[in-house]
Amino acid sequence: KNKTIMMCKVVNFALVSTFFFASSNIHVINAFTQAARRGELATVTRSFTLQSKSDNNSDDEKRASPWPAKTRREMILEGPQQVAVASALLLTTSLGVPKSAQARLDPVNKPELLPSDPDVKVIQVEKFLTGGQVKRLDKLLTGLEKDTGFRVRVLCQAYPQTPGLAIRDYWSLGKEGQKDDKYAVLVVDQFGGKGNVLNFNVGEGMKLNLPNQFWTRLQSKYGTIFFVRENGIDISITNAIEAIVTCLRSEDGYCIDVPDAGVSLKSLGM
């Protein structure tokens, strides 16, 4: 009998404790619910997490991220924005960016910035690469086009110093009724150091082998301001091109994930 009474007391205490805990945290539940309706759930989650950490005496748990939340959010959004910029300056086709975003910068058409030699594969209006790096990339891209038919080009620029729309005719890209749509153009622009430096315009024929997910992941891996700061923009460019060439020369000729850097010369066709 005593054991039964004791068990009843324990259960009763547990129920009462649960009720008071839920009551004391109902403001948290309400905050999450209201935030979800306003689309601000991530902000509330971060605020609640930091508040919980501030109640703890551990110094390690009190340390927040070195970048403010707004800055991190802007960095997350900068990737798609830069793809939009490249689309506005270069071609009418893009990686699914709304037309409203493409209209943020005025289009540019400066054929005088193009080289006099026909079909130069790496054009540097803004110099990011050394002469040796340019020669190496040109050799990679020439061999790739000869062996597979895929055309990959590189344009280094600093908006508004860019050939812009003139590049479409120079490289025969994105023309109406064009049958050769197996191309990709890497547009490299630092945009004042505020966004992703790698921007891509990809023909429909190339997307069968390298779908949109690949280009997004490639941009996230090698084009961030953090990667450029640690390794240099030239390494960002060469790593991106090597990844593209490696995928297109692979046995399947298809990639979603970006291969690791340091690939073999054989996989690059050398």
Keeping every protein chain in place, order 151, 136 by accessible area at 1.4 Å, biggest value first, i.e. largest first. 136, 151
Could you sort 153, 217, 229 by accessible area so the largest value comes first, with the probe set to 1.4 Å? 229, 217, 153
Of all accessible surface on segment 146-261 at a 1.4 Å probe, what whole percent is carbon and sulfur? 47
How about segment 110-188: which GluC sites (Glu not before Pro) there lie in a loop by DSSP and see at most 14 other Cβ atoms within 10 Å? 176
List the pairs from 127/194; 121/182; 127/175; 139/221; 121/221 whose alpha-carbon separation is above 20 Å, in the order I gave them. 127/175; 139/221; 121/221
Candidate residues 169, 252, 138: accessible-area rank, largest first, probe 1.4 Å: 252, 169, 138
Rolling a 1.4 angstrom probe over the protein chains, ignoring ligands and nucleic acids, what is the accessible area of residue 254 in square angstrom, nearest 10? 110
Going down the table (110/146; 110/135; 146/207), which pairs top 21 Å between alpha carbons? 110/146; 110/135
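The values are calculated or read from the model by the stated rules, or taken from the named source; none is laboratory data. Since this is a predicted model, take the numbers as computed values, not measurements. Neighbour counts are summed over all protein chains in view; Cβ atoms, including those assigned to glycine, are modelled from backbone coordinates with ideal geometry. We work out accessible area using only protein heavy atoms, side chains counted, and drop any ligands, DNA or RNA first. Shrake-Rupley method; radii C 1.70, N 1.55, O 1.52, S 1.80 Å.
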